[in-house]
Amino acid sequence: MENPKRYEKVYRRRIKRLTEKMEEKGAGLYIVTAPGNIRYLCCHTFPKEPPLTHLIITAEGERIGIASSLEGFRAQEMTAVDEVRTFCTYRALKCRYKTGIEGVRDLIKERSPEKVLTDGRLLSRRCRVERDSTIQEMRAIKEKEEIEAIRKATKVVDSGYRFLREFLQEGLTELEVVRELNHHLRGERGVANLSFETIVASGPHAAYSHHDPSERVIRRGDAVICDFGVVVDGYCSDMTRTFIIGENSKLERIYQVVLKAQKAALERVQAGDPLKDLDLTARGIIEREGFGVNYPHSLGHGVGLEVHEEPLGIRPTIKGEQKEGMVITIEPGVYVPGLGGVRIEDDVLITPQGGVLLTQAERDPHCEGC
């Protein structure tokens, strides 16, 4: 894993934007608690949890990290902060605090701000505390370096699709497919982790929008939903492909309906237009084809440092517009109990000229061994 301090200029640029917002809102401190937000500001290359429990940003842009004694040394070495304060209950270690929140309150007492912003929950008798979404909003618009990292991650899942086309066949269990696919993905250059637990759902299990892979044996006539992603340079990819083993006319029809809905939504990607238009476009097609009751989830979500981030839940009621630099998933699905289901998902960059597909894998439900 690369040392996050290498990205000092990136972090300073983000901190500057944050302190400008703090000044605008009259805040003296910003208490960052969400792991994804901490990673964004000082250690994004960590593929999972950062070594800090809290990150405090002062109005002057000073960065103070709070970490447990277990993570103290790693936090000093591997986060781009100006100071690390540790906590623990072991006397021999001589930590500054007993708990992380004690450290936060001590900093508030030390700096005496009139107002504090936070991305989480915080109670203080010493100043006014206001919950704030500035960091999440910043993260929704990807910078050049972030888009490049996501591109690398999508190339890996594209290779995963090609692996599945050759490997997938009747007679394998869902868990066997998961094991071999994960082995392939983890072996690709630059992969630090999977971005979530790989989903392989076959036959009746493909009627579940989410499924824990089992020992079920894949049979002819099954739909097999494969949903997977990886982390590269700290950023996630997320792709779903559905395969049909052999022939099944009912599933073939559903596949074409979902594919038509996804293509129509992709054509509606346009910076400046409402986000809800994307969902309404795909949902309208699925409803007109008679499968409205079989489409129970939103069209997609933002993807970046975390596999689910702003904009969350692109559904008919979502507010806001498509913004240049957003990376979102477009993943309509139809699920029929007892029969199976189809979901097709791609990662898409929003630009003024429309949507750019970052995932490039074919959308073909027929594998070589089928």
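Computed from the coordinates by the stated procedures, all read-outs in this text should not be read as laboratory data. Since we're looking at a predicted model, the values are computed, not measured. Ideal geometry is used to build each Cβ from the backbone, glycine not excepted, and the neighbour counts take in all protein chains shown.
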Connecting C-alpha atoms closer than 10 Å in a GNM of the chain, tell me which of Lys152, Lys21, Lys144 has the biggest fluctuation.
Lys144
Taking every DSSP beta bridge that has both residues in the chain, what percent is antiparallel when rounded to the nearest 5?
75 percent
Using 1/(1 + (r/R0)^6) with R0 = 35 angstrom and r between the beta carbons of Lys263 and Glu176, what's the FRET efficiency to the nearest 0.05?
0.65
Average silhouette area of the chain, convex hull of alpha-carbon atoms, in square nanometres:
19.7 nm²
For the chain, the longest principal axis of the Cα atoms and the Cα long axis of helix 144-167 enclose an angle in degrees, to the nearest 10, of 30 degrees
Inter-label distance for Arg128 and Ala92, nm, one decimal - labels placed 7 Å from Cα along Cα-to-Cβ:
4.8 nm
Report, by chain and number, residues whose modeled amide H sits under 5 Å from the one on Gly341, excluding near sequence neighbours (fewer than 5 apart, same chain).
Ala206, Ala207, Ala223, Val336
Please compute the modelled spin-label separation between Gln360 and Ser249, points set 7 Å along Cα→Cβ, answer in nm with one decimal.
3.8 nm
Between 0 and 90°, nearest 10: helix 174-186 axis offset from the chain longest Cα axis:
50 degrees
Going by alpha carbons, how many degrees (0 to 90, nearest 10) lie between the helix axis of 249-267 and the longest principal axis of the chain?
40 degrees
The stretch 215-288 -> Rg/Rh from Cα coords, Kirkwood Rh, value 1.08
Identify which of Glu110, Glu176, Glu309 has the largest mean-square fluctuation in a Gaussian network model of the chain, with springs joining Cα atoms closer than 10 Å.
Glu110
Quick calc of log₁₀ I(q)/I(0), the stretch 4-140, Debye, one scatterer on every Cα, no solvent, q values 0.10, 0.11, 0.14 1/Å, result -0.29, -0.36, -0.58
The answer for Gly354, listing residues at least 5 apart or on another chain whose modeled amide H is closer than 5 Å to its amide H, is Ala271
Assuming 1.567 mPa s and 4 °C, estimate D for the stretch 122-168 with Stokes-Einstein, Rh taken as the Kirkwood radius over Cα pairs, in µm²/s.
89 µm²/s
Hey, what did the stretch 141-292 get for relative contact order, percent, Cα under 8 Å, at least 6 apart?
21 percent
Among the listed pairs Lys16/Lys94; Lys16/Lys109; Lys21/Lys263; Lys94/Lys144; Lys25/Lys323; Lys263/Lys319, which have their C-alpha atoms separated by more than 31 angstrom in this model?
Lys16/Lys94; Lys21/Lys263; Lys94/Lys144
Using a Gaussian network for the chain with springs between C-alpha atoms less than 10 Å apart, which of these wobbles most: Ile147, Ile135, Ile101?
Ile101
Please report, largest first and rounded to whole Å, the three semi-axes of the ellipsoid equivalent to the stretch 138-277, where each semi-axis is the square root of five times an eigenvalue of the C-alpha gyration tensor.
28, 22, 12
Under the rule of -39500 (n - 2.57) per DSSP H run of 4 or more residues, summed and divided by the residues of the chain, what mean residue ellipticity at 222 nm is obtained, to the nearest 500 deg cm²/dmol?
-10500 deg cm²/dmol
In whole angstrom, and with the biggest value first, how far do the Cα coordinates of the stretch 232-370 range along each principal axis?
41, 35, 24
Quick calc: nm separation of the 7 Å Cα→Cβ label points for Lys48 and Asp82 -> 3.2 nm
